[in-house]
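Participant: One structure follows; several queries about it will come next.
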Amino acid sequence: MEVKLWNDKRERELLESLADLYAIIKATEKLERAYVRDLVSAADYEAYRLDCPAALNRLVQSGVPATIELRAATASSSAPPATAASASAIAQCVQSFITAMDALKLNMLANDQVRPLLHDLSTSMGKLGTVLPPDFEGKVKVNEWLARLHKMGAGDELTDQQARQLNFDLESAYSAFMASLPTAGM
């Protein structure tokens with residue numbers, strides 16, 4: 001009896017991509033375990049390199065999806081004022097800003113506490129492509145912090161100086177965000 005795993009070409013390609021990703025994860029896991037158990041020499045371990053600069057950038061350096069990092073504005077500067085849908089997105093963005101800033105004020109400094117809040121903020125700003133320019137400084141700052149936090153362990157905490165700088169960056173970004181909102185029709 002034959003089991004059909006897909007119904008069309010798109011589903012087949014999706015399953016093949018997922019299988020490739022799973023194979024990469026399993027191979028990396030086996031390599032890491034072999035190295036920890038001294039079954040692989042340091043020279044062999046370091047020689048395990050792939051020429052995948054885009055994947056390396058996305059997974060190690062950036063740590064955030066390309067849609068968040070590189071979201072471009074879809075409308076020109078003569079776009080109409082925010083619609084009801086973008087008003088909802090603006091409200092979500094304001095909520096994300098306030099939640100992130102409040103978390104810092106409550107000394108929630110662990111990476112696994114801060115990073116999801118910044119990710120939500122980045123996502124909500126990304127939904128405002130018709131309101132915010134693609135190079136909006138707030139987006140850039142939040143993505144820089146996400147990249148920095150991505151390199152830290154889940155339990156690692158921001159230092160007092162880092163928390164103060166992040167709070168300053170969020171406050172500045174929030175002020176710039178509020179100033180950039182369209183006033184007509186709101």
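The values are calculated or read from the model by the stated rules, or taken from the named source; none is laboratory data. Since the structure is predicted, the reported quantities are computational estimates derived from the model, not experimental observations. Here the Cβ is made from the backbone with ideal geometry for all residues, glycine too, and neighbour counts use every protein chain on show. Each accessible area value is taken on the protein alone, full model and side chains, heavy atoms only, with ligands, DNA and RNA left out. Shrake-Rupley method; radii C 1.70, N 1.55, O 1.52, S 1.80 Å.
Participant: How about the stretch 108-122: which of its residues are within 11 Å of HIS150 (Cβ to Cβ) and under 12 Å from the mean Cα position of the chain (by Cα)?
Facilitator: ARG115, LEU118, HIS119
Participant: Listed residues ARG71, ARG58; which is within 30 Å of PRO133 (Cα to Cα), at pLDDT below 60 and surrounded by 12 or more Cβ atoms within 10 Å (Cβ to Cβ)?
Facilitator: Numbers: ARG58 fails: at pLDDT below 60.
Just one listed residue meets the conditions, ARG71.
Participant: If you take the residues in the stretch 143-186 that are within 17 Å of ILE98 (Cα to Cα) and charged (D, E, K, R), which one is most open to solvent (accessible area, probe 1.4 Å)?
Facilitator: Here the residue is ARG164.
Participant: Filter the stretch 26-43 down to residues that are in a helix (DSSP H, G or I) and open to solvent by 100 Å² or more (accessible area, probe 1.4 Å) and give me whichever is modelled with the lowest pLDDT.
Facilitator: The selected residue is VAL36.
Participant: Continuing with this model, one more query. Filter the stretch 151-176 for residues that are within 14 Å of MET108 (Cα to Cα) and part of a loop (DSSP other than H, G, I, E, B) and give the result.
Facilitator: ALA154, GLY155, ASP156, LEU158, THR159
Participant: Here's a follow-up. Going by the structure shown, is SER172 under 16 Å from GLN95 (Cα atoms), more than 16 Å from the chain's Cα centre (by Cα) and at pLDDT below 95?
Facilitator: Working: under 16 Å from GLN95 (Cα atoms): yes; more than 16 Å from the chain's Cα centre (by Cα): yes; at pLDDT below 95: yes.
Yes; evaluated as a whole, the condition is true for this residue.
Participant: For the stretch 115-142, what are the residues that are part of a helix (DSSP H, G or I), open to solvent by 30 Å² or more (accessible area, probe 1.4 Å) and touching a residue at least 24 places away in the same chain (Cβ under 8 Å)?
Facilitator: ARG115, HIS119, ASP120, THR123, GLU137, LYS141
Participant: Answer with yes or no whether ASP112 is open to solvent by 60 Å² or more (accessible area, probe 1.4 Å), out of contact with any helix residue (DSSP H, G or I) (no Cβ under 8 Å at 6 or more places or on another chain), modelled with pLDDT of 90 or more and assigned to a helix (DSSP H, G or I).
Facilitator: Working: open to solvent by 60 Å² or more (accessible area, probe 1.4 Å): yes; out of contact with any helix residue (DSSP H, G or I) (no Cβ under 8 Å at 6 or more places or on another chain): yes; modelled with pLDDT of 90 or more: yes; assigned to a helix (DSSP H, G or I): yes.
Judged against the criteria, ASP112 is a match.
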